[in-house]
Every structure is written in C-alpha cells, then in structure tokens.
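The values are calculated or read from the model by the stated rules, or taken from the named source; none is laboratory data. As the structure is a prediction and not an experimental result, all values here were calculated from the model. Quick note on the areas: whole protein, heavy atoms, side chains included, nothing else; ligands and nucleic acids left out. Shrake-Rupley method; radii C 1.70, N 1.55, O 1.52, S 1.80 Å.
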Amino acid sequence: MKECELVACCDTDKEQLKKFASRWRIKKKYTDISSMLNEIVLDILIIASPTSEHHKNILEAIKYPIKSIFCEKPLSINS
C-alpha cells in the first residue's frame, strides 16, 4: 500500500530479522520489542510472534500510544 510504510521490524531470531528486513527494505531492526517501542512511534503494530509470546507482546505494546494493534490468533495459548 502506498499509504503505509514499514518503518521497523523486530525478531529475536537475528537471521530471520535480517532476511525480513532485507526483503522489505526496512532500515530499523530490533531483537527486543521494548527497545523498538521506546525508539519508534508506531501507528500500527502487527504481532506475528509465536503464540506463546502473544500475551507478553500485547501487554508490552499497550503501554505505548499505538493506534492499532493487530495480533495473529490465537491471542494466548490458554484462557
């Protein structure tokens, strides 16, 4: 979409992070979501981490003024 810009990406797997950033030409790369959110102001955050990390990442993300958070389902591995 021309109206959107991927400004940063985050992955704990450094090799996957490098591949993703290279494919989509993203300059800002992070291995820690907190570091990314402290440095970058985002309008939209997409959480596409393993399911076991969704809850932790959502709780971290809601501390910041992000307009929309999209999370792959399921949101958690248990209720």
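Roughly speaking, to the nearest percent, how much of the chain's 1.4 Å accessible area is carbon and sulfur?
Solvent-exposed carbon and sulfur of the chain make up 53 percent of the total.
Quick one: which residues, 5 or more positions from Cys10 or on another chain, have an amide H under 5 Å from its amide H? H modelled 1.01 Å from N in the peptide plane, none for Pro or chain starts.
Long-range HN contacts for Cys10: Tyr30.
Taking the 0 to 90 degree range and rounding to the nearest ten, how far is the long axis of helix 51-61 tilted relative to the main principal axis of the chain, both from C-alpha atoms?
The angle comes out near 80 degrees.
Nearest 10 degrees is fine. How inclined is helix 14-24 to the longest principal axis of the chain, computing both from alpha carbons?
60 degrees
Which entry in (i) 14.3, 44; (ii) 11.0, 30; (iii) 12.5, 38 is this structure's computed Rg and Dmax of the Cα atoms in Å?
(iii)
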